[in-house]
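J.: The structure follows.
Throughout, read-outs are computed from the coordinates displayed, never taken from laboratory work. All of these numbers come straight from a predicted model, not from anything done at the bench. Please note: Cβ atoms are built from the backbone with ideal geometry, for glycine as well, and neighbour counts cover all protein chains shown.
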Amino acid sequence: MLSLPPSLRVFVAVEPFDMRGSFDAVAGAVRRLELDPVDGHIYLFLNRRRRLAKALWFDGSGWCLLSKRLERGSFQLPEFRTDEMTVSVDGATFASLLAGIDFTAARRGWHRAPSGRRR
């Protein structure tokens, strides 16, 4: 389980990202989003099919680049406005997203009314 402090923000890029790049390419993509890659927050990028993810984080002494590929399915983003370039999520949502949890699959449960008979 991933444990992140509540002060840490996670920014998810809405547009697909070319996953061939490494630290500098991802940091450049963060700068193109008009964000600062050395501010201590996490920046998450997904490829077009949303099967690959890269997260960039600067801890003050160096870069950390996390890569994850799902064997089945795809990373599902929570609801967001279509005019945004990034979506800010909390640490729990970030951990759920990396675990491959599908936010769109949540369905409202229904219950049968009691029949009044006991067995």
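J.: Going by amide H atoms built from the backbone, whose H comes under 5 Å of the H on R9, apart from near neighbours?
T.: Those lying under 5 Å, H to H, from R9 are I42.
J.: Go ahead and collect, in residue order, the members of segment 1-41 whose backbone nitrogen is under 16 Å from a label point 7 Å along the Cα-Cβ direction of S88.
T.: Within reach of a label on S88: 5-14, 33-41.
J.: Tell me the trypsin sites (Lys or Arg not before Pro) within segment 1-58 that lie in a loop according to DSSP and have at most 15 other beta-carbon atoms within 10 Å.
T.: On the way: sites: R9, R20, R31, R32, R48, R49, R50, R51, K54; in loops: R9, R20, R48, R49, R50, R51.
Of the trypsin sites (Lys or Arg not before Pro), the ones in loops of segment 1-58 whose Cβ has at most 15 other Cβ atoms within 10 Å are R20, R48, R49, R50.
J.: Placing +1 at every Lys and Arg Cβ and -1 at every Asp and Glu Cβ, with all other atoms neutral, what dipole size does segment 36-88 have around its Cα centre, in debye to the nearest 20?
T.: Values: 9 positive and 7 negative charges, 114 e Å.
About 540 debye.
J.: Still on this structure: Contour minus end-to-end for E15 and R32, with contour as 0.36 nm per residue of separation and end-to-end as the Cα-Cα distance?
T.: 4.9 nm
J.: Once the piece of chain linking E71 and A99 is laid out straight, how much longer is it, given 0.36 nm per residue of separation minus the C-alpha distance between them?
T.: On the way: separation 28, 0.36 × 28 = 10.08 nm, distance 1.15 nm.
Length gained between E71 and A99: 8.9 nm.
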